[in-house]
Each structure stands twice: as structure tokens, then as C-alpha cells.
1. What number of residues within segment 73-110 satisfy the criterion of being open to solvent by less than 10 Å² (accessible area, probe 1.4 Å), within 13 Å of the ligand (Cβ to nearest atom) and touching a helix residue (DSSP H, G or I) at 6+ places or on another chain (Cβ under 6 Å)?
2. Could you check segment 222-282 for strands (runs of 3 or more DSSP E) lying wholly inside it with 3 or more residues that are not hydrophobic (A, V, I, L, M, F, W, C)?
3. When you scan segment 259-281, how many residues do you find that are away from the ligand (no atom under 14 Å from the Cβ) and either open to solvent by 20 Å² or more (accessible area, probe 1.4 Å) or within 21 Å of residue 6 (Cα to Cα) (or both)?
4. Restricting to segment 4-42, and then to whatever is in contact (Cβ under 8 Å) with a residue 24 or more places away in the chain, open to solvent by less than 40 Å² (accessible area, probe 1.4 Å) and within 14 Å of the ligand (Cβ to nearest atom), can you tell me which residue is farthest from residue 82 (Cα to Cα)?
5. Residues 131, 122, 154: which one is open to solvent by less than 50 Å² (accessible area, probe 1.4 Å) and either within 16 Å of the ligand (Cβ to nearest atom) or not hydroxyl-bearing (Ser, Thr, Tyr) (or both)?
6. What do you reckon, is residue 143 open to solvent by 30 Å² or more (accessible area, probe 1.4 Å) and either assigned to a loop (DSSP other than H, G, I, E, B) or under 19 Å from residue 16 (Cα atoms) (or both)?
7. List pairs: first in segment 256-273 and of a type outside the set (D, E, K, R), second near the ligand (Cβ under 9 Å from one of its atoms) and open to solvent by 40 Å² or more (accessible area, probe 1.4 Å), Cβ under 7 Å, 6+ apart or cross-chain?
Amino acid sequence: MAGLMGGFGNFTHAIVRAIPASFAKQALRTHGYEVDLAAAQREQELYVGVLRHKLGLQVLELPADESVPDCVFVEDVAVVCGDTALVTRPGAASRRKEAETMKMALKELNLNIVEMMDETATLDGGDVLFTGREFFVGLSRRTNQRGAEILADTFKDYAVSTVPVYDNLHLKSFCSMAGPGLIIIGSSEAAQKALKIMQQMSDHRYDKLTVPDDAAANCIYLNIPNKGHVLLHCTPEEYPESVKVFEKLKDHMLIPVMNAEKEKTDGALTCCSILINKKMEI
Ligand code: GLY
């Protein structure tokens with residue numbers, strides 16, 4: 001099996017998607033919150049602006065589609081590692097059509113595309129944590145064992161372990177990476193239990209950064225030329241106590257990104273982009 005992937009966190013491109021008007025009323029959500037469409041769209045514009053202007057990524061922005069209210073959450077429909085992209089079969093039937101547009105975008109970037117064709121398989125990218133050494137796949141309401149097996153067949157260089165997810169939508173609803181070997185984890189019992197399972201499954205000893213709020217544990221890590229370690233994380237307005245923990249990371253460039261409106265539909269920071277390392281212009 002592979003050691004730490006060379007260039008973990010190096011990204012050149014991002015795929016994002018605009019928010020349709022149908023998002024406000026029809027995007028899936030577990031808590032029934034009302035959503036302010038304009039506020040969600042403003043958040044998404046700022047998010048894309050950070051990727052494009054602050055980080056210098058080449059951003060491929062897909063158009064909104066009213067028939068797929070959750071389409072802004074692109075992460076769920078593809079897992080990209082190296083030059084290979086697995087186009088998933090999302091767990092929610094209302095989201096399956098999102099994969100078609102994603103497949104075309106990934107083709108434009110000349111990635112090797114694998115499609116999840118098995119109709120018994122489901123997998124949301126939100127359940128996939130890639131640490132640079134291995135994959136952890138959450139078995140949740142959205143992702144099943146067959147989906148995890150297809151991911152393992154697709155990315156054969158890396159070990160794949162499954163982790164049960166009970167109280168959250170996705171595995172990454174309460175964890176993400178902050179750098180090579182550093183897992184950010186929420187404080188809830190469910191998050192801590194999942195971390196323990198990941199630690200037991202792995203040959204590697206990960207460092208951990210524990211934050212008080214589970215949702216704040218979903219961050220985006222990049223390692224960018226001229227910037228080094230970069231962490232996109234929640235704002236102090238959303239999770240002030242968790243931000244205090246991030247502020248102790250002295251080697252990272254910290255970029256707070258507001259996600260409060262999209263979070264009402266269970267969308268986290270990682271959900272809104274697919275990051276790719278590719279030496280080509282678009
Ligand atoms: N609203 C995001 C999802 O449920 O997939």
C-alpha cells in the first residue's frame with residue numbers, strides 16, 4: 001500500500017456549481033430550517049472568490065440546474081484522487097442526475113473516469129475522507145458497503161476502511177484533514193467514537209485537532225505554492241470557540257469562510273467544491 005501521497009493538499013483546479021432557486025425550498029435538509037436563497041448565493045460567491053482569487057485556483061463553475069436543488073454540493077457526486085475520478089451514485093435518488101453534469105466537467109479536465117454503475121451501490125463524497133495515506137468511508141444513510149467496495153476497486157493504491165456513521169448525514173459532517181497526518185474532529189460522542197474506529201483501523205498514528213463544534217470540524221486543507229499550509233474554516237460568527245482552536249495553528253494561513261446558510265441544508269465547506277491537482281489551463 002502507498003505511504004503519504006506526494007503533494008498532499010496540492011491543488012490547481014476546483015469544480016463548483018451555482019445554486020438554483022429551487023435550493024431554498026427543495027434542497028434536502030434534516031432540520032427543516034427556512035433558507036434565505038440570496039444569502040446562500042452570496043455565501044457561495046464568496047466561497048468561489050476565495051478559491052479563485054485568494055488561492056489562485058482555476059475554477060470550473062457549472063451552471064445551476066433547477067431540477068437538482070442540491071447541485072451546489074458537488075463533492076457528493078465525484079471523488080477525485082490523482083488523475084482518477086470516481087463518479088458516484090449518490091444515496092438520495094433526487095441527486096442522481098447531478099452526476100451527469102459532473103461527468104462532463106471531469107472529462108473536460110481529462111481525468112480518467114470511473115462510473116459507479118452498480119444499482120445496488122450508493123456513495124456520497126461527503127462520506128469519503130482521504131488522508132493522503134488511505135481512505136475512510138462512512139457507512140451512513142447515503143453510503144453503503146457496495147459503494148465503499150467500488151471506491152476501493154477504483155483507488156487500488158490506497159487502503160479503504162469503513163466507519164459507521166449514525167447521528168450525522170456524512171462522515172465529514174464532523175471531521176476533515178488539516179494537513180498531512182492531522183485530523184480535525186468534533187467533540188460529540190459520535191465524532192469521538194468514529195475517530196477511535198479510524199485510529200483502530202489504521203497502521204498510521206494520526207495527530208488530532210479537537211474542536212468543540214462538530215460542524216466546525218469540516219474544513220478545507222490545501223498546500224499551495226507561495227502560501228504553504230492553508231485552512232479554510234468556519235467564521236467566528238458561526239463557531240467562536242472552534243475558531244479559537246484553529247487560531248493556535250501557527251503554520252497555517254487561516255481563511256474563515258461563512259457557510260451558515262448552506263449549513264441549514266446540511267452542506268459543509270468541503271461539500272461545495274471538488275479540488276483537483278492538474279497541470280493544465282481551462
Ligand atoms: N442537502 C444536502 C444533502 O442532503 O445531500
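1. 6
2. 228-233
3. Number of matching residues: 9.
4. Per the criteria, the residue is 35.
5. Criteria check complete, one pass: 122.
6. no
7. Close Cβ pairs satisfying both conditions: 265/28; 265/29.
Yes/no matrix, rows are residues, columns are (1) within 23 Å of residue 132 (Cβ to Cβ); (2) within 17 Å of the chain's Cα centre (by Cα); (3) not in a helix (DSSP H, G or I):
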site	(1), (2), (3)
31	no, no, yes
45	no, no, no
66	no, no, yes
76	yes, yes, no
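The values are calculated or read from the model by the stated rules, or taken from the named source; none is laboratory data. Just so we're clear, the structure is a prediction, and the values are computed from it rather than from any experiment. Ideal geometry is used to build each Cβ from the backbone, glycine not excepted, and the neighbour counts take in all protein chains shown. To get the accessible areas, we keep the full protein, side chains included, count just its heavy atoms, and leave off ligands, DNA and RNA. Shrake-Rupley method; radii C 1.70, N 1.55, O 1.52, S 1.80 Å.
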